[in-house]
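K.L.:
What follows is a single structure, and I will ask about it in a moment.
The values are calculated or read from the model by the stated rules, or taken from the named source; none is laboratory data. Quick caveat, the model's predicted, so the values are computed rather than measured. With ideal geometry, Cβ positions are generated from the backbone for all residues, glycine too; neighbour counts draw on all protein chains shown.
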């Protein structure tokens, strides 16, 4: 048992290290990537396991909500704002369910501590909470035991399933096809445009709306860069520390380099090659720069946007919160559209990132916990609070066309941008692809973010050769 436990803990640590290396590909919303960075050590695996078993993770916050005579439960998260949300929904649940009262102690741990503590408790069969947040990058580790460790949500989500976006639900299914995670958001990738800056150089909203393909995007980028005529000013930036652009390319062609649950990993996809070759041409033509610190979701990336060194980029809708938290003075400058595609008619988006909350089989009442969880994260009432308090693009599609919800001008994000985010989301409802997160995902992302993207985008390596080398490296771990 101990050797197996050590193996799981090492796998978790590798995923956490990957999180820091790959930035926002799997970054937890609302928390700094560095909060989850694993410390590199020189001790043996046996010593690492012993230390993990003997060291108790210290919570950052603990709050108990609910009546003393309610069914007592524990819930863990790595983002305090998430637990604040759940606490609010628990109060609503108890008001509406007088015969099914719940008292929950909400504990917030540092990112890496929480996931390692969860995996250990699942592996050993004791000490797990009733409910727990699981960040997307950790799904393969936490889903290792599937229904031996986790309680399926399929029955509890029945009242809401018809309105939930299926492609986002699929990202949190187990290998057995059952639903084990409840998502916070769609994470739909869209294009952000600094219209205030573009308009200075004669580029209008109509010009932006007319961008359908990546060829159109490239042409507009050349027009902008020529009009600016200034070193250090680019149309966009490309990432060496994240794979968002490549996920988007795969979604447009219906590809998935993981192979899903049953296939083999393959990074030598034409969709990936097309995107990397196009990005190399942008770099050569000075349309794009390599993102400072590797991607736009770190401090250097925010500053680069504030300095107007780039004026467009694709990112998930949860990136709206970055504007609120780090770039509030940009209010009124930015416009959101669907992403360009390689060929007209392709899917134009992909769901990225996310937190899938689970119920463990160790719960004192897993059915009650699952019913509460699905009420909190899937009901219209819960989804409205997710949008208002967390700024996430909700998965309950019944709200997307609800005028009072989608066009509520008291909502921060509805007034920050030049258009309503849900108008864009509704227009791409059936065009949001899914890239699965499975056992091989950490290996792929580590290879791409630490080696391949740097070789291609920083050093100008041949795309086919670099991907061939990446494929060989990945196959060693399959």
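K.L.:
Can you name the residue in region 402-414 that is closer than 23 Å to residue 192 by Cβ and assigned to a loop (DSSP other than H, G, I, E, B) and, of all such residues, is nearest to the chain's Cα centre (by Cα)? Steps first, please.
P.N.:
Of all residues in region 402-414, those closer than 23 Å to residue 192 by Cβ come to 405-414.
Those still in the list that are assigned to a loop (DSSP other than H, G, I, E, B) too: 407-411.
Values: 407: 25, 408: 25, 409: 26, 410: 26, 411: 22 Å.
In this case the residue turns out to be 411.
K.L.:
Being under 21 Å from residue 436 (Cβ atoms), free of Cβ contacts under 8 Å to residues at least 12 places away in the same chain, assigned by TED's automatic domain parsing to the domain that holds residue 193 and within 24 Å of the chain's Cα centre (by Cα): is that true of residue 263 here? First the steps, then the outcome.
P.N.:
Details: under 21 Å from residue 436 (Cβ atoms): yes; free of Cβ contacts under 8 Å to residues at least 12 places away in the same chain: yes; assigned by TED's automatic domain parsing to the domain that holds residue 193: yes; within 24 Å of the chain's Cα centre (by Cα): yes.
When the stated conditions are applied, residue 263 passes them.
K.L.:
Take residue 384 and decide whether it is touching a helix residue (DSSP H, G or I) at 6+ places or on another chain (Cβ under 8 Å) and not in a helix (DSSP H, G or I).
P.N.:
Numbers: touching a helix residue (DSSP H, G or I) at 6+ places or on another chain (Cβ under 8 Å): yes; not in a helix (DSSP H, G or I): no.
Taking the combined requirement at face value, the residue does not satisfy it.
K.L.:
Name the residues in region 76-126 that are in contact (Cβ under 8 Å) with a residue 12 or more places away in the chain and assigned to a loop (DSSP other than H, G, I, E, B), would you? Let's see the steps before the verdict.
P.N.:
Let us first name the residues in region 76-126 that are in contact (Cβ under 8 Å) with a residue 12 or more places away in the chain, namely 76-94, 100-126.
Passing the criteria: 78, 79, 100, 101, 109, 110, 125, 126.
K.L.:
Of the conditions (1) part of a helix (DSSP H, G or I); (2) closer than 26 Å to residue 292 by Cβ, residue 216 satisfies every one except a single condition; which number is it?
P.N.:
With (1) part of a helix (DSSP H, G or I); (2) closer than 26 Å to residue 292 by Cβ applied to residue 216, the lone miss is (2).
K.L.:
Which residue, of 375, 392, is outside any helix (DSSP H, G or I), surrounded by 18 or more Cβ atoms within 10 Å (Cβ to Cβ) and outside the structural domain of residue 243 (by TED's automatic domain parsing)? Before the answer, list the steps.
P.N.:
Working: 375 fails: outside any helix (DSSP H, G or I).
Going through 375, 392 in turn, just one is outside any helix (DSSP H, G or I), surrounded by 18 or more Cβ atoms within 10 Å (Cβ to Cβ) and outside the structural domain of residue 243 (by TED's automatic domain parsing): 392.
K.L.:
Sticking with this one: How many of the residues making up region 219-238 are part of a helix (DSSP H, G or I) and either closer than 19 Å to residue 301 by Cβ or in contact with a helix residue (DSSP H, G or I) (Cβ under 6 Å, 6 or more places away or on another chain) (or both)? Spell out how you get there, then give the answer.
P.N.:
Of region 219-238, the ones part of a helix (DSSP H, G or I) are 219-228.
Subset that is either closer than 19 Å to residue 301 by Cβ or in contact with a helix residue (DSSP H, G or I) (Cβ under 6 Å, 6 or more places away or on another chain) (or both): 221.
Going through region 219-238 one residue at a time, the tally reaches 1.
K.L.:
Quick one: count up the residues across region 436-460 that are surrounded by fewer than 18 Cβ atoms within 10 Å (Cβ to Cβ) and either outside any helix (DSSP H, G or I) or free of Cβ contacts under 8 Å to residues at least 60 places away in the same chain (or both). Can you show your working first?
P.N.:
Step one: filter region 436-460 for residues surrounded by fewer than 18 Cβ atoms within 10 Å (Cβ to Cβ), giving 450-451, 454, 458-460.
Still in the running and either outside any helix (DSSP H, G or I) or free of Cβ contacts under 8 Å to residues at least 60 places away in the same chain (or both): 451, 459-460.
Residues that pass the stated criteria total 3.
K.L.:
Which one of 183, 152 is surrounded by 23 or more Cβ atoms within 10 Å (Cβ to Cβ) and either under 23 Å from residue 436 (Cβ atoms) or modelled with pLDDT of 95 or more (or both)? Walk me through it before giving the result.
P.N.:
Numbers: 152 fails: surrounded by 23 or more Cβ atoms within 10 Å (Cβ to Cβ).
Answer to the selection: 183.
K.L.:
Which ones in region 83-108 are in contact with a helix residue (DSSP H, G or I) (Cβ under 8 Å, 6 or more places away or on another chain) and under 19 Å from residue 371 (Cβ atoms)? Before you say what the answer is, go through the steps one by one.
P.N.:
Of region 83-108, the ones in contact with a helix residue (DSSP H, G or I) (Cβ under 8 Å, 6 or more places away or on another chain) are 84-86, 88-90, 92-93, 100-102, 104, 106-108.
Of everything in region 83-108, those that are in contact with a helix residue (DSSP H, G or I) (Cβ under 8 Å, 6 or more places away or on another chain) and under 19 Å from residue 371 (Cβ atoms) turn out to be 85, 86, 88, 89, 90, 92, 93, 100, 101, 102, 104, 106.
K.L.:
Looking for something surrounded by fewer than 18 Cβ atoms within 10 Å (Cβ to Cβ), in contact (Cβ under 8 Å) with a residue 60 or more places away in the chain, in contact with a strand residue (DSSP E or B) (Cβ under 7 Å, 6 or more places away or on another chain) and outside the structural domain of residue 282 (by TED's automatic domain parsing) - is there at least one such residue anywhere in region 406-422?
P.N.:
yes
K.L.:
Please go through region 184-213 and give me each residue that is touching a residue at least 12 places away in the same chain (Cβ under 8 Å), more than 27 Å from the chain's Cα centre (by Cα) and not in a helix (DSSP H, G or I), ordered by number.
P.N.:
Within region 184-213, the subset touching a residue at least 12 places away in the same chain (Cβ under 8 Å) is 184-198, 201-203, 205, 207-209, 211-213.
Checking which are more than 27 Å from the chain's Cα centre (by Cα) leaves us with 196-198, 201-203, 205, 207.
The answer is 201, 202, 203.
K.L.:
Look at residue 294 and say whether it is more than 26 Å from residue 205 (Cβ to Cβ) and within 16 Å of the chain's Cα centre (by Cα). Before you say what the answer is, go through the steps one by one.
P.N.:
Numbers: more than 26 Å from residue 205 (Cβ to Cβ): yes; within 16 Å of the chain's Cα centre (by Cα): no.
Against the criterion (more than 26 Å from residue 205 (Cβ to Cβ) and within 16 Å of the chain's Cα centre (by Cα)), residue 294 does not qualify.
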